[in-house]
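Novice: Sharing a structure with you now.
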Amino acid sequence: MNEREKTQLNSDFKDYIKANDAEHTLDSYRRTMEGVLGNPYINDLGSLFSDWQGHATISMKRAFFSISALSIIQIFVFGEAFLAQLGILGVEATPTNTVRLLIVVTVSLLCSGALYLAAINRDKANRNYKATRLTKQLDAHLNAEKELREIYDKFRVDTNNTSGTFATALIGPSVFKSKYERYRNLQSILHHYQHLIKPSQRKQWLLDKYDIFVIPTIGILAIILMWLFWLLCQTECQSDMEARNSLYLSSPSLNFMTTGKA
């Protein structure tokens, strides 16, 4: 299309909108477009959903998860020898300081877990603050554009217009370069949101739940298992001691010493 045809198409489309009392749809489209492009977080659209945790939070998560997972793996691999022979996390522990070491590891896990939860909830609140308004604006604009495109499709049928595009009918001649650039920029954002972000929101929701609930649960499980195996070790040691005492008391040498009879 030449510039004159583009100008005429734009004028005819505006007249068609007025004739069908659809000016509110065009106003809604423009208003929501300005809202999306004017949002200060629009350039961070991708990271708001997939890379929203801070570096400090990620470091805390790795440390907390590593200690918790290592404790659980060591318990299941070595069983009761976890405390009796290896100590905790590879640190040899004598019977006198095992409880102290258990307390130190427990307090460390609880403190690091609390710091991690505080950090990730802070990051999540910050992400939600930025993302909630932006997603509402994007969804509102998608709805407004859908309605306007439906009007454009009817316009093409009613006027038997087979040339031009939606952008041409909306903007007009190529002299409005800035408007076309804004339109292309907006379409790129909408495509990214529709085809990349929205389809992966369910997956991202599951990952968020994993970070917030599953990882702390692993830490709690590690603490419970450590103390449980410590109790099992105590019970087994007590049983062994009672068995040795019983064997000693029933030995012939002890009977000879106490009764004088062989």
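The values are calculated or read from the model by the stated rules, or taken from the named source; none is laboratory data. Please read all numbers here as calculations on a predicted model, not as lab measurements. In this analysis, Cβ positions are derived from the backbone assuming ideal geometry, glycine residues included, and neighbour counts consider all displayed protein chains.
Conditions (1) at pLDDT below 90; (2) surrounded by fewer than 17 Cβ atoms within 10 Å (Cβ to Cβ), marked per residue:
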residue	(1), (2)
5	yes, yes
15	no, yes
26	no, no
31	no, yes
37	no, yes
44	yes, yes
51	yes, yes
67	yes, no
89	yes, yes
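Novice: Would you pick out the residues in the range 168-204 that are without any contact (Cβ under 8 Å) to a residue 12 or more places away in the chain and polar (S, T, N, Q)?
Specialist: Hits for the range 168-204 are 178, 187, 188.
Novice: If you don't mind, another one. Please find, within the range 205-230, the residue that is surrounded by the most Cβ atoms within 10 Å (Cβ to Cβ) out of those that are touching a residue at least 60 places away in the same chain (Cβ under 8 Å) and more than 20 Å from residue 60 (Cα to Cα).
Specialist: That would be 226.
Novice: Now for a different question. Scan 197, 151 and give me the residue that is at pLDDT 90 or above and β-branched (Val, Ile, Thr).
Specialist: On the way: 197 fails: at pLDDT 90 or above.
After applying the criteria, what remains is 151.
Novice: Could you count how many residues in the range 148-173 are loosely packed, with under 14 Cβ neighbours inside 10 Å and part of a loop (DSSP other than H, G, I, E, B)?
Specialist: Here the count works out to 4.
Novice: Looking at the range 118-135, which of the residues that are among the hydrophobic types (A, V, I, L, M, F, W, C) and in contact with a helix residue (DSSP H, G or I) (Cβ under 6 Å, 6 or more places away or on another chain) is farthest from residue 58 (Cα to Cα)? Don't jump to the end; show me each part of the working.
Specialist: Just the residues of the range 118-135 that are among the hydrophobic types (A, V, I, L, M, F, W, C), to begin with: 118-120, 125, 131, 134.
Right, trim to in contact with a helix residue (DSSP H, G or I) (Cβ under 6 Å, 6 or more places away or on another chain) and you get 119-120, 131.
Working: 119: 9, 120: 9, 131: 20 Å.
Here the residue is 131.
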